[in-house]
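Undergrad: I am attaching a structure below and will ask some questions about it afterwards.
What follows draws every value from the coordinates through simple rules; no lab data is involved. The shown structure was predicted, so the numbers you read here are calculated from the model rather than taken from an experiment. Cβ sites come from the backbone with ideal geometry, for glycine too, and all protein chains shown count toward neighbours.
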Amino acid sequence: MATIKAEEVRIPRRAREAVAHHEEVVVVNRERPAFVIVHPDDHGQKAGSPRRGRPLREALSLLAQAAPPADRPERILA
């Protein structure tokens, strides 16, 4: 993660106030979301959201059981 000093960035007052109230602020560039500003206490998974994917131990077990790659893999053209 990159770190910059606060005086190098100008964040509008309404964005600072929203983050202080634990609201996410979406920053857009050319009408597309570029990044989200969140309160440091809210960083990470929310309590109500379910975890996605498999546990790491299970995923590693599946990878260990997988067949080794073929000598000449086929090309996939998209």
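Undergrad: Using modelled amide H (1.01 Å from N, peptide plane; none on Pro or chain starts), what sits under 5 Å from the amide H of Glu23, excluding residues fewer than 5 places away?
TA: Placed amide hydrogens put nothing under 5 Å from Glu23.
Undergrad: Right, something else. Hey, what's the Cα Rg ratio for the stretch 1-43 versus the globular rule of thumb, 2.2 N^0.38 Å?
TA: 1.19
Undergrad: Please list, in order along the stretch 8-16, the HN-Hα scalar couplings obtained from phi with the Karplus expression 6.51 cos²θ - 1.76 cosθ + 1.60 (θ = phi - 60°), rounded to whole Hz, x for Gly and Pro.
TA: Along the stretch 8-16, the couplings run 7, 10, 9, 9, x, 4, 5, 6, 4 Hz.
Undergrad: Each label point is 7 Å from the Cα along the Cα-to-Cβ direction; what then is the distance between the points at Ala34 and Ala67, in nm?
TA: 4.8 nm
Undergrad: Which order do peptides 55-67, 14-26 fall in by mean Cβ count within 10 Å, highest first?
TA: Ranking the peptides 55-67, 14-26 by packing returns 14-26, 55-67.
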